[in-house]
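The values are calculated or read from the model by the stated rules, or taken from the named source; none is laboratory data. Remember, it's a predicted structure, so these values are computed and weren't measured experimentally. Here Cβ is always computed from backbone atoms with ideal geometry, including for glycine, and neighbour counts include all displayed protein chains.
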Amino acid sequence: MHAPPAPPTTTMPLPAPPTQKLDNATNRLASAKADKDLLIKGVLCALVGIVILAGPTVARASSIQELLAGASVVGWFSLLLGCAFLGLYAKRRITASRGR
């Protein structure tokens with residue numbers, strides 16, 4: 001007598017991983033904290049950039065005027081970085097309000 005043939009083995013594919021985060025209080029709290037941090041960084045960087053760029057016209061001492069005039073590249077960088085942070089903050093807030 002012959003043994004019956006073994007049934008073919010098949011494997012099922014795994015389901016796709018989740019594409020969205022869980023919507024629970026911890027994730028919402030962490031996201032809100034990250035948004036506030038981004039807002040603070042953006043405002044502070046933009047403010048530092050404005051102070052550095054406006055410094056030479058406001059400063060009274062010539063040594064301070066020369067120092068701030070030499071740092072204009074840093075002022076522009078700080079201002080642009082602050083604006084980028086603020087833009088990212090606005091984008092996050094807009095997408096969060098559309099998702100609700």
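Things to note:
- Meets criteria (small (Gly, Ala, Ser), in contact with a helix residue (DSSP H, G or I) (Cβ under 8 Å, 6 or more places away or on another chain), within 30 Å of residue 95 (Cα to Cα) and in a helix (DSSP H, G or I)) for residue 55: no
- Among the residues of the stretch 25-71, those that are under 20 Å from the mean Cα position of the chain (by Cα) and of a type in the set (S, T, N, Q) comprise 26, 27, 31.
- Residue match in the stretch 16-30 (condition: at pLDDT 80 or above and surrounded by 11 or more Cβ atoms within 10 Å (Cβ to Cβ)): no
- Unique match (being of a type in the set (S, T, N, Q) and part of a loop (DSSP other than H, G, I, E, B)) among 26, 95, 10: 10
- Residue among 83, 45 that alone is touching a Phe, Trp or Tyr at 6+ places or on another chain (Cβ under 7 Å), modelled with pLDDT of 80 or more and in a helix (DSSP H, G or I): 45
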